[in-house]
Each structure stands twice: as structure tokens, then as C-alpha cells.
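Asks: Here you go, one structure.
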Amino acid sequence: MERLESKLHVYATHVCDKSEDLYLLIDFLNRNLKDKDVIFGLSKSEGSPDKMQITLYRTDLE
């Protein structure tokens with residue numbers, strides 16, 4: 001049986017101000033664009049504790 005592995009590739013990143021609703025936006029994007037082979041991530045910015053980083057990943061099947 002052949003096994004398919006999913007790989008994530010960073011397509012773009014953006015640093016922005018923290019917002020209470022930012023996670024809702026990321027959830028909305030992931031739910032509505034999952035069939036487009038993209039995933040959005042949200043994390044604290046390493047350089048600025050008051051900022052967040054949004055990362056756009058492209059998924060590829062090998």
C-alpha cells in the first residue's frame with residue numbers, strides 16, 4: 001500500500017498587531033480555503049511581543 005505524505009511549504013508571512021479576533025479570521029480562512037491546498041497559521045512574533053505573525057502555507061502531496 002502506497003503512503004501519501006503531506007508537506008507544508010511557507011508561501012508568505014506577515015507581522016501585524018495583536019487582535020482579539022485574529023484567531024477567528026485564521027479559522028475562517030482555513031475552513032473556507034482548505035480545498036485550495038493552503039493552510040494559515042498564527043503565532044506570536046519572535047521579534048515583538050505585542051505583534052502576531054500570520055503564516056500562509058502551501059500543502060503539497062508527494
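The values are calculated or read from the model by the stated rules, or taken from the named source; none is laboratory data. As the structure is a computational prediction, the values presented were derived from the model and not from experiment. Quick reminder, even Gly has a Cβ in these numbers, built from the backbone with ideal geometry, and neighbours come from all protein chains shown. Surface areas here come from the heavy atoms of the whole protein model, side chains and all, with no ligands, DNA or RNA. Shrake-Rupley method; radii C 1.70, N 1.55, O 1.52, S 1.80 Å.
Asks: From the Cα trace of the chain, what convex hull volume per residue do you get, rounded to a whole Å³?
Replies: Hull volume over Cα atoms, normalised by residue count, gives 95 Å³.
Asks: While we're here: Starting from 0.36 nm per residue, how many nanometres of slack lie between Leu25 and Ser48 once their C-alpha separation is accounted for?
Replies: 6.2 nm
Asks: While we're here: Going by alpha carbons, how many degrees (0 to 90, nearest 10) lie between the helix axis of 22-33 and the longest principal axis of the chain?
Replies: Long axis of 22-33 versus the principal axis of the chain: about 20 degrees.
Asks: How large is the charge dipole for the range 7-46, taken about the Cα centre, if only the Cβ atoms of Lys, Arg (+1) and Asp, Glu (-1) carry charge, to the nearest 20 debye?
Replies: On the way: 6 positive and 7 negative charges, 39 e Å.
Result for the range 7-46 is approximately 180 debye, rounded to the nearest 20.
Asks: Calculate what fraction, in whole %, of the accessible area of the chain sits on carbon and sulfur atoms when a 1.4 Å probe is rolled over the protein chains. Write down the numbers at each step before the final one.
Replies: Values: 2690 of 5270 Å².
The computed percentage sits at 51.
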